[in-house]
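See below for the structure under consideration.
The values are calculated or read from the model by the stated rules, or taken from the named source; none is laboratory data. These numbers were taken from a predicted model, which means no experiment stands behind them. FYI the Cβ positions are ideal-geometry reconstructions off the backbone, even for glycines, and counts take in every protein chain you see.
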Amino acid sequence: MSPPNSPLFLFSLLTIILSITVQTFSQGDQNNPFITDCHGENFTSSSPYDSNLRLLLHELIKSTPNSPSFFFLNNSTSPQIFGLAQCRPDITPAVCSTCLNQSVVASLNNKGCGLKKSFANRAGNCLIRYSDQTFYNSLEEKLFVHYSYTDNASASFNSRVNILMKRVMSSAAAAVLKFAVGVANDSVDAPNIYGMGWCSLDLASSDCAQCLSNVFDRIPAGKTQGSGAFASCHLRFETYQFYSNSTLLPAPAPEAGAPTPQAGGNISTNKRSKTVAVVAGISGAVALLLFCTFFILLLRQRKRKLLASEIRYAVDEEEVLEKKFEVKMIDFCAIKNATNNFAKENKLGEGGFGPVYKGVLMNGQEIAVKRLSTTSRQGLQEMKNEINFTAKLQHKNLIRLLGYCLEQEEKLLVYEFLPNTSLDKFLFDPIRRIQIGWESRLKIIIGIGRGLLYLHEDSRLRIVHRDLKAANILLDSDMNPKISDFGLAKLFGVDETERNTTRVCGTLGYMAPEYALHGFFSTKSDVYSFGVLVLEIITGEKCTEASEQTVNLLSYVWKRWKQGKALEVIDKRIGKRYSAQEALRVIQIALLCVQEQATQRPNMAFIIAMLCTSSMKLPIPPTPAYYNGKSISVDSKAVARNTNLAWPRVERRA
């Protein structure tokens, strides 16, 4: 990224400013900025504040369109500037970018904010704020703006608006993205009413509800349309649908007494449909039986060849690995020589689907080679995932895939070699753990968090890792963490928030309750694993091993937290070389991550903001998951009987 004073950056910013015409927006033009609040001291052009501000705005414009919200704190150089940018969850990245660009122009234009250090700009589609004082988690209601409409509404219309908007406000306050929409379509003779509530993502649910309620109270009553906002929230209702059909959150439930679609239709058509369905079902069953018979015979003769060909197909189908991601097919003989024929002394460890060896190529490059089982169907799927995901995910906190090999019935993955191996080799070794003090541990925690944020929101794919643990965190020579092992990772769609599986894979102790017990997984499942991992890094205790003091790591930390003795859980080998306030803050964040309900856990954007912003107020964590005096066992038949759960199949990983 170009520095703020470089010719490239200044030219880009000047192009943005000149390409957008600043205008006085009419009341009906709600996609443009309608709140501009400037206050605080002035700063001078070309000052350090000016340079940092331009860098901050550049980061916000670049990062926000692909994320529900983006927090940024410019804390690398003084003076610090706190920033927040957010777009409505139902708009496209292109619309988001346009809205933010217009807001930035308003902030830099002398007719807008000029050179004020604090700025807030809310438009119909986006919000951007910055200040030299922290404003996170604070309700901003100093400036109120509403649109005036001339069309009067009937008493019944007003009643429908009140009912709809109460539901919308309640849903928005409770939603993860602090955004909700709804429609009142309960009247045949009157038009539908469409409503939207939207709060700044850093607000607590109670503050969001209060803000929206205050807006609704100030919008003039008796009109067929209404829209009002503070800097912290925006409320709007119309007689036409002004939000996208791809809205991320479900609309509120329909009014009581609303007409419900009735089943029925032409009787003869139904009979024909049933007849066709029966015939199709019989034909399908016969075809399926023939196919299964053929497939079983084929597997017996060509199982290994089929596995290798499927891998090649998965690689060839992308047609971009070697060209765009520098991932290439490596000759088996080269790998065999590099590892000294997979010598025992070169073995680094054992993964979930096979051993890992150290090797040195002819050019002197050190590599790590994962040797997958030659007949494992799971190993096949893992290799597909590793190639298709790892090759495309480029981030400093993710392991880099160098190549692969499919020769002589071997399935090999070749990675960059990291001399400090994995985090568990340090964390749970009584001697080596002394080498990682508090600063190193905090750097590792933040690095892992940034890697997860990239997987969940910032990459061009949306990935849920599903097996985050200390053994899958590798460390380079500077103790920078890199997330590895994407064999269980799952690709999510942009609008997909949760998925269900009947085959639960992962490591007990790190798995979120909804995943271990019911098979539901999402990005919040990774957040739970992250919280457990943070507690392991802080305490030096394994979550999967009990000691005399710790029946369950989460219970142990929670008890000390409630007793006001949280500092007692910190690894004694760190000594006193840490900030007590900073350590307590990290413990609190970890406890927020391990909540039983996935909706109560913060997303990775919030977690990074909390870790990097010491002035950001943290919520008080409720009782964490599995807090029952003992570790749960997902294999326990007694627990299954007591809870009447349909237990999915759980596969343990090393």
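Restricting the search to the stretch 125-134, which residues are crowded, with 21+ Cβ neighbours inside 10 Å and either part of a loop (DSSP other than H, G, I, E, B) or in contact with a Pro (Cβ under 8 Å, 6 or more places away or on another chain) (or both)? Even if it seems obvious, please write down each step before you answer.
Taking the stretch 125-134 as the starting set, the residues that turn out to be crowded, with 21+ Cβ neighbours inside 10 Å are 125-130.
If the condition is that a residue be crowded, with 21+ Cβ neighbours inside 10 Å and either part of a loop (DSSP other than H, G, I, E, B) or in contact with a Pro (Cβ under 8 Å, 6 or more places away or on another chain) (or both), then Asn125 is the only one that fits.
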Which ones in the stretch 130-164 are modelled with pLDDT of 90 or more and charged (D, E, K, R)?
Arg160
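Working only within the stretch 154-204, note down all residues that are hydroxyl-bearing (Ser, Thr, Tyr) and not in a loop (DSSP other than H, G, I, E, B).
From the stretch 154-204, those hydroxyl-bearing (Ser, Thr, Tyr) are 154, 156, 159, 170-171, 187, 194, 200; that's our starting set.
Those that are hydroxyl-bearing (Ser, Thr, Tyr) and not in a loop (DSSP other than H, G, I, E, B): Ser156, Ser159, Ser170, Ser171, Tyr194.
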Quick check on my filter: what residues within the stretch 367-379 are farther than 16 Å from Lys328 by Cα and at pLDDT 85 or above?
Arg371
Residue list for the stretch 404-424, restricted to those being over 16 Å from Asp478 (Cβ atoms) and either within 28 Å of the chain's Cα centre (by Cα) or modelled with pLDDT of 90 or more (or both)
Leu413, Val414, Tyr415, Asp424
Take the residues of the stretch 165-184 that are modelled with pLDDT of 85 or more and surrounded by fewer than 23 Cβ atoms within 10 Å (Cβ to Cβ): which is nearest to the chain's Cα centre (by Cα)?
Ala174
Extreme residue, nearest to the chain's Cα centre (by Cα), among residues of the stretch 579-611 that are assigned to a loop (DSSP other than H, G, I, E, B) and at pLDDT 90 or above
Asn603
Could you please find all residues in the stretch 580-594 being touching a residue at least 40 places away in the same chain (Cβ under 8 Å) and not aliphatic (A, V, I, L, M)?
Glu582, Cys593
Of all residues in the stretch 431-479, which are of a type in the set (Asp, Glu) and more than 13 Å from Met604 (Cα to Cα)?
Glu439, Asp467, Asp476, Asp478
